[in-house]
Amino acid sequence: MLELRQHVVYLAGAAYSPEEADGMSAIASLLEGNGFEVYLPSRDGLGPPLCLFEAGQLDRTVLAGVTFALAIFQLAHRCDALVFNMNGRVPDEGGTFEAAAAFALGKPVVLYKRDHRTELHGQDNAMLTGLSHDFSTVKKADGLPGELRKAMERYPRPSGPSAGVPPCVRMTAQLGREVWELLEESRAPGVSTDPKDLPDRLAALHDASSVNGFLSG
């Protein structure tokens, strides 16, 4: 039997409208109530702190870079599995990438979909459903914890990063780790860090990252 509280689940999917955000929060609460720790990017990532800043305080390229790196770090090193909420007219493009990245990293992927809209004659695209390894989707939210347990039992928890991970992925994940540590530091009880300093500190991490030299060189 899995020790569920030792496992972190990346929850992918759209959270741009209030309705989408409420749906993602409900799934997160369901999983957390069943013993999983959940990483929800719109709640636990850069969204909450950066929404405090006026547009233009952080260069768009820097924001894109640190956001991408944070996702890669979570997927590669911190999270043990991924749940992808596919509901909507089409599956969220960011969530599609995150699910594919988790699959490529050897992490269990569970697909959730209760929306019957589709584009391929009643079936979802096999390039998506194949990420679940059995081409299935979970149709009821209360079935997610059980499916997640079964998926994680099929795939042993990696003991460390794969030696076959390309250098650009390792470097990106390292930048993401530094971004995550900065966020954790800013949220720690009793910390008096001025949130207005966060854009400058993120920009400094981004500019100092070895991934920039690797990609530009």
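Some notes on this structure:
- Solvent-accessible surface of the chain, averaged per residue with a 1.4 angstrom probe and all protein chains in place: 55 square angstrom.
- Apportionment of accessible area to carbon and sulfur, the chain, percent (1.4 Å): 54 percent
- Modelled spin labels at R114 and N212, positioned 7 Å past Cα toward Cβ, are 4.5 nm from each other.
- Only protein heavy atoms count here; under a 1.4 Å probe, K150 has an accessible surface of about 100 Å².
- The Cβ shell under 10 Å around R114 holds other residues with a net charge of +2, Lys and Arg each +1, Asp and Glu each -1.
- For the chain, the number of Lys pairs separated by eight or more positions or lying on different chains, with C-alpha atoms closer than 29 Å, is 8.
- Dipole in debye (nearest 20) - the chain, about Cα centre, beta carbon charges: Lys, Arg +1; Asp, Glu -1: 620 debye
- Rounded to 10°, Cα long-axis angle of helix 18-33 versus longest principal axis of the chain: 80 degrees
- Ranked from largest to smallest solvent-accessible area, with a 1.4 Å probe on the protein heavy atoms, C51, C79, C168 come out as C51, C168, C79.
The values are calculated or read from the model by the stated rules, or taken from the named source; none is laboratory data. Predicted model, so just to flag it, every value in this text is computed and none were measured. No Cβ is skipped: glycine too gets one built from the backbone with ideal geometry, and neighbour counts run over all protein chains shown. The area values use the complete protein model at the heavy-atom level, side chains included, leaving out ligands, DNA and RNA. Shrake-Rupley method; radii C 1.70, N 1.55, O 1.52, S 1.80 Å.
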